[in-house]
1. Could you grab me the full set of residues in the stretch C:69-78 that are open to solvent by 70 Å² or more (accessible area, probe 1.4 Å) and more than 7 Å from chain B (Cβ to nearest Cβ)?
2. Quick check on my filter: what residues within the stretch B:160-190 are under 21 Å from B:Gly74 (Cβ atoms), open to solvent by 30 Å² or more (accessible area, probe 1.4 Å) and in a loop (DSSP other than H, G, I, E, B)?
3. Sort out which residues of the stretch C:330-349 are surrounded by 13 or more Cβ atoms within 10 Å (Cβ to Cβ) and out of contact with any Leu (no Cβ under 8 Å at 6 or more places or on another chain), and write them in order of number.
4. Residues in the stretch B:147-159 that are surrounded by fewer than 24 Cβ atoms within 10 Å (Cβ to Cβ) and part of a helix (DSSP H, G or I): how many?
5. Being buried (at least 24 other Cβ atoms within 10 Å of the Cβ), more than 7 Å from chain C (Cβ to nearest Cβ), within 14 Å of the chain's Cα centre (by Cα) and not basic (Lys, Arg) narrows it down to one residue among B:Ala255, B:Ala241; which is it?
6. Of the residues that sit in the stretch A:86-116 and are touching a Phe, Trp or Tyr at 6+ places or on another chain (Cβ under 9 Å) and not in a loop (DSSP other than H, G, I, E, B), which one is most open to solvent (accessible area, probe 1.4 Å)?
7. Can you find, within the stretch A:23-32, the residue that is surrounded by the fewest Cβ atoms within 10 Å (Cβ to Cβ) among those that are at the interface with chain C (Cβ under 10 Å from one of its Cβ atoms) and outside any loop (DSSP other than H, G, I, E, B)?
Amino acid sequence: MTIKYTKDHEWVRVEGDVGTVGVSDHAQHQLGDVVFVELPDVGRALQQGKEAAVVESVKAASDVYAPVSGEVVEVNHELENEPARVNTGAETDGWFFKLRLTNPAELDGLMDEAAYKAFVEGQA
Amino acid sequence: MRYLPLTEADRRSMLAAIRASTVDDLFRDVPKAARLSGPIEGLPNHMGELEVERSLSAMAGRNLPAGSVPSFLGAGSYRHHIPATVDHLVQRGEFLTAYTPYQPEVSQGTLQVLFEFQTQVSLLTGMDVANASMYDGATACAEAVMMANRVTRRKKAILSGGLHPHYRDTTTTDARFIGFETVVMPAAPTGGEDLLSQVDGDTSCVVVQNPDVFGHVRDYTELGKACQAKGVLLIVVVTEAVSLGLLTPPGEMGADIVAAEGQSLGNALNFGGPYVGLFAVKEKLVRQMPGRLCGQTVDADGRRGFVLTLSTREQHIRREKATSNICTNAGLCALAFSIHLSLLGEEGFTQLARLNHAKAVQLADKLGAVKGVEIVNDSFFNEFTVKLPKPAAEVVERLAERRILAGVPASRLFAGELEDLLIVAATETNTESDMDAFAKALAEVLS
Amino acid sequence: MSMNNQGRPTDIRSASNSAVPDTVTGNRGLQIEEPLIFEQDASGRCGVDLPEMPAVASRLGAVKPRAKVGLPGLAEPQVVRHYTRLSQKNYAIDSGLYPLGSCTMKHNPRLNEKMARLPGFSDVHPLQPESTVQGALELMAELGRWLTTLTGMAAVTLAPAAGAHGEMCGIMAIRSAHEAKGDTGRTKILVPESAHGTNPATAAACGYSVEAIPATEDGRVDLEALKAKLGPDVAGLMLTNPNTCGLFERDIITIAEAVHAAGAYFYCDGANFNAIVGRVRPADLGIDVMHINLHKTFSTPHGGGGPGSGPVVFAESLAPFVPVPYVVQEKDGSFRLVEQAGDGPAFGRMKAFHGQMGMFVRALSYMMSHGADGLRQVANDAVLNANYVLASLKDVMTPSFDGPCMHECLFDDRFLKGTGVTTLDIAKALIDEGFHPMTMYFPLVVHGALLIEPTETESKAGLDQFVTALRALAERAKSGDAEYFQAAPRLTPRRRLDETAAARKPVLRWTPEAAVEKVAAE
Ligand SMILES: Cc1ncc(COP(=O)(O)O)c(C=O)c1O
């Protein structure tokens, strides 16, 4: 099971051909208190790098991009009632959606945990 | 200049503090070619209060105030009695000269008013949630259509022929520039219309008005059900807010969005503006709403307070992805609406509505008795249409010469069509002797 | 994901308890707690006495009369007290300095209120016969003349209801002009990063894609970047001038030429016209179309967020596209209202009736009071006041750009670096000092923006007091007293409000059920 990150602060954890997607703990800090999450419909075909979801704090709305291409197979409805989970468990139970990967090779272009950590530090 | 507190001495010492020799230095970034060396030509210099008052009063004197004569105009703007308390409170400087409540700790007055206003509008319309106001009823209507397009991801609106033509045109202007389709039904001054047959898979919404521009009142419950079955939103427009004190509210008829004009409560005729757009929706649509919303919360000491909320829909945060570009809305007019409604309360508001209806029935009976005049409506609230044996615009002009403001010729709204129809309104402000004078003068003009 | 670029604290965790003693009633002297109007209901009570009801049979047809609305009943004195108490929880221009950058919160003269309430203006129906409203039409024509003269423009529409509505009108005119030339390939509007949110929102609402233009080090449009983006796919540029950093766009004439050379039009957001009114005519800068906020530059009150009025002026290039309705004067001197667009190039309409008449009267009253000489002085004093504030604070705060500024001065939060105090905290501490805060976190081009617009109606003594307070706060922040700031404000009717909770579980209205729950909880 591998976790990969994008430069736009999404993560994807792949098991078999299904990837679970969320935003990084670093991103969660930047956002502040998350108050609302808009999730994609199950069945929607997502393209890598294109808008997939929206996460809102009181004073900002940010688009979440699909880290890899695929078809949405499940969304985390818990976030609709409890958006704070994005703050408390960004990389665990604050996941956004799961998708069936259509082009697993895209994963090769993403960062692993160490590379992402270095990337974030480099940005500060 | 009485509004400018800086003295010449202040200006000199301030310039010294800035290290500028003249105020012109501060404008040095303006390209030379565009700098004016003195006051603009073609405009007078400053005037005292007395002179301004004299000059504007003279202009005002060249108008005929509706309240000075028997007056029966409606068609989206209604003359009601506004209690003295309303304007007194609106003119309190703390309301009049505040800004949008962006700093909630020093704006709890405005915010609580907005929360109460939203509640009042929800109650009147029978809807779940209302926003903190739009510019007017017509722009609220256009915004409702655009919202329906977003919600349904479809792009075609069906507009009833009973929709006020200004509301229709405001919506079709947006349609033209924003790029959605509208199907405009022909004006139907006498009868119903088959809106459902126009609905197809691209249809986002059906827009109806109640009472409609000719004054007919209808029950849209069946239409609402049919729309729902097709995934089409029902938008109900109301131009006379007082009607909501007597008629089944749009929410109970199955409206998804209500776009209304609130001028009737608290706001004078003002030759057409500023008025106050009311916008109310079903709960599940709240995140697609345009405009500001006030919400309840608590402060650091745990006490109840209010803030602007769900702002991520709005232009100042969402920018090009905002649900609307609206920023400034109709704050003070919403305040006037709210105060008037607070004075009326349940009893006053429902009585006022019944009174308006009764006055209109009384007027219809009197006008219907005039030879050659036919009442078109079989149902109405406080406004109805009459058919005249002569062009209505001409009749209105002749009656104005006799100092009676008789109503709105349909041709004024429908680009010269429907020449023989006159739209007439009655409110609590019309006395029986006003009505008799109208009927008598009308009989004379028609004979 | 796209990142939050205006992050700021919205929770209240850091605010510690208030130092003000509790009272039995919860009231604090002149600050009186006031329940919702719905919580003061007594059935059968009413604040009006209506005329007698004629006895007639109802003519409602198939529609059922409604059973109940659910409004509360109060008597008139209760209503007066309710709104008076609420008003006392508001800060207002009438009470003190309201230096909200970009909002031009200047004195609202009461003469204007009196004029707007003359029955000849306020009690006139918009659809009365033209023969009975000649004075109203004349007033509109006269206001239009003042606006076109002040801007040097060829034509004007008074229809738009606010600035954003005016923007919409201007962009529609631009689209109309391109369409009239058969030029349909223009899909973009260029908007600087520093623009107000309504600019990109308007352009997008009108079906254009929005391209951001970066700013230079000195806070102006990057001319080279702009030129690089101009092309046959660009419909227009939307630029605010003076811009939202409070600076005059020095290259504006060159910008206009470049825009025109590319076949595009130049829209100017005129929200900041107060800085240059009577000194510079926008037409002389090459602007094609511009909205004017009567509720800013021309002082019409918009308490609690409106109403506004956003007339739009047009250069010759766009004058044929002015929307309906508009007023024309006939040869015999009478005035006529053109209400139908017909087959001509005019579009419209944009709202019901003819515009915000009540605001027109107030604005004209304001303009006549100032005259050509006074309006020029307005710009002078507005700019002088802003530069004075800038000069008085630049050593303790961090100005984002060198002066001179126009009508407002911009600071960012570099002076707070490492203090644990944020722009928001400074704003809240200013409230305790008796001032309305400046605009915060706008424009987005600098970090933690503090945008101060004093306007011309402030005295030097008033500004000095404000400067003294702000200097002391800046120094206190630097001395490491973050807690003081985080607990501010302490002296207001409410302390920091929990915006996070408000957004997570929105309560947008009172409900009878909520009232029942509240009683049960107590
Ligand atoms: C720079 C700027 N542009 C546009 C607007 C929008 O004007 P309005 O609020 O009248 O719609 C504002 C005001 O808020 C502004 O400051």
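1. Residues of the stretch C:69-78 that are open to solvent by 70 Å² or more (accessible area, probe 1.4 Å), as a first pass: C:76-77.
Selection gives C:Pro77 alone.
2. Once the filter is applied, which keeps residues that are under 21 Å from B:Gly74 (Cβ atoms), open to solvent by 30 Å² or more (accessible area, probe 1.4 Å) and in a loop (DSSP other than H, G, I, E, B), the stretch B:160-190 yields B:Ala187, B:Thr190.
3. Here is the first cut: in the stretch C:330-349, the residues surrounded by 13 or more Cβ atoms within 10 Å (Cβ to Cβ) are C:334-341, C:345-349.
Passing the criteria: C:Ser334, C:Val338, C:Glu339, C:Gln340, C:Ala341, C:Pro345, C:Ala346, C:Phe347, C:Gly348, C:Arg349.
4. Keep residues of the stretch B:147-159 that are surrounded by fewer than 24 Cβ atoms within 10 Å (Cβ to Cβ), which gives B:149-156.
When the remaining residues are screened for being part of a helix (DSSP H, G or I), the result is B:149-152.
Residues in the stretch B:147-159 being surrounded by fewer than 24 Cβ atoms within 10 Å (Cβ to Cβ) and part of a helix (DSSP H, G or I): 4 in total.
5. Values: B:Ala255 fails: within 14 Å of the chain's Cα centre (by Cα).
Only one candidate qualifies: B:Ala241.
6. Checked the stretch A:86-116; the qualifying residue most open to solvent (accessible area, probe 1.4 Å) is A:Glu113.
7. First pass over the stretch A:23-32, keeping only residues at the interface with chain C (Cβ under 10 Å from one of its Cβ atoms): A:23-24, A:27, A:29-32.
Next, from what is left, pick out any that are outside any loop (DSSP other than H, G, I, E, B): A:23, A:27, A:29-31.
Working: A:Val23: 28, A:Ala27: 24, A:His29: 11, A:Gln30: 18, A:Leu31: 26.
Looking at residues that are at the interface with chain C (Cβ under 10 Å from one of its Cβ atoms) and outside any loop (DSSP other than H, G, I, E, B), I get A:His29.
Yes/no matrix, rows are residues, columns are (1) without any contact (Cβ under 8 Å) to a residue 24 or more places away in the chain; (2) more than 16 Å from the ligand (Cβ to nearest atom):
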site	(1), (2)
B:Leu332	no, no
B:Leu335	no, yes
B:Leu343	no, yes
B:Asp365	yes, yes
B:Phe380	no, yes
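The values are calculated or read from the model by the stated rules, or taken from the named source; none is laboratory data. Fair warning: this is a prediction, and the values are worked out from it, not measured in the lab. No Cβ is skipped: glycine too gets one built from the backbone with ideal geometry, and neighbour counts run over all protein chains shown. Protein only, heavy atoms only, side chains kept; ligands, DNA and RNA dropped before computing areas. Shrake-Rupley method; radii C 1.70, N 1.55, O 1.52, S 1.80 Å.
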